[in-house]
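Chemist: I'd like to ask you about the structure that follows.
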Amino acid sequence: MLVTLAAAGPEPDRRAEIARQAEEGVNALEQLHRALIAGTVGPQKLRELREWTRRRDRSADTALSTLLDEIELRILVELAKLERRG
């Protein structure tokens, strides 16, 4: 039984952490969109988005990595659009 538990090990925890990161990224994008609508996008929000892209997990399994890649791409596109505006 201990071998089975050891084999299962951190994988469920790792997936939960990656899912938490994905949710955090999506929430950050939603907050950005609300701030854009309200006209209140500040430098702190932009720093938070950049920080998310720096600290996201890059060693996830294929499906989860793809999801994080898509969230990161959306964040980078939004940052680039905002930087072009001024």
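Chemist: Given (1) farther than 22 Å from residue 13 by Cα; (2) assigned to a helix (DSSP H, G or I), where does residue 64 come up short, assuming only one miss?
Modeler: The single condition residue 64 does not satisfy is (1).
Chemist: Determine which member of the set 51, 72 is under 14 Å from residue 23 (Cα atoms) and acidic (Asp, Glu).
Modeler: Every option except 72 fails the conditions.
Chemist: Oh, and also: With the requirement that a residue be open to solvent by less than 50 Å² (accessible area, probe 1.4 Å) and aliphatic (A, V, I, L, M), what does segment 61-79 give you?
Modeler: 64, 68, 71, 75, 79
Chemist: All but one of (1) closer than 14 Å to residue 75 by Cα; (2) at pLDDT below 90 hold for residue 47; which doesn't?
Modeler: Only one criterion in (1) closer than 14 Å to residue 75 by Cα; (2) at pLDDT below 90 is unmet by residue 47, namely (2).
Chemist: Looking only at segment 41-60, which residues are open to solvent by 30 Å² or more (accessible area, probe 1.4 Å) and either assigned to a helix (DSSP H, G or I) or free of Cβ contacts under 8 Å to residues at least 12 places away in the same chain (or both)? Can you show your working first?
Modeler: Here is the first cut: in segment 41-60, the residues open to solvent by 30 Å² or more (accessible area, probe 1.4 Å) are 41, 43-48, 50-51, 54-55, 58-59.
Correct list: 43, 44, 45, 46, 47, 48, 50, 51, 54, 55, 58, 59.
The values are calculated or read from the model by the stated rules, or taken from the named source; none is laboratory data. Since we're looking at a predicted model, the values are computed, not measured. Glycine also receives a Cβ, built like all others from the backbone with ideal geometry; neighbour counts cover every protein chain displayed. The accessibility values were calculated without ligands, DNA or RNA, using every heavy atom of the protein model including side chains. Shrake-Rupley method; radii C 1.70, N 1.55, O 1.52, S 1.80 Å.
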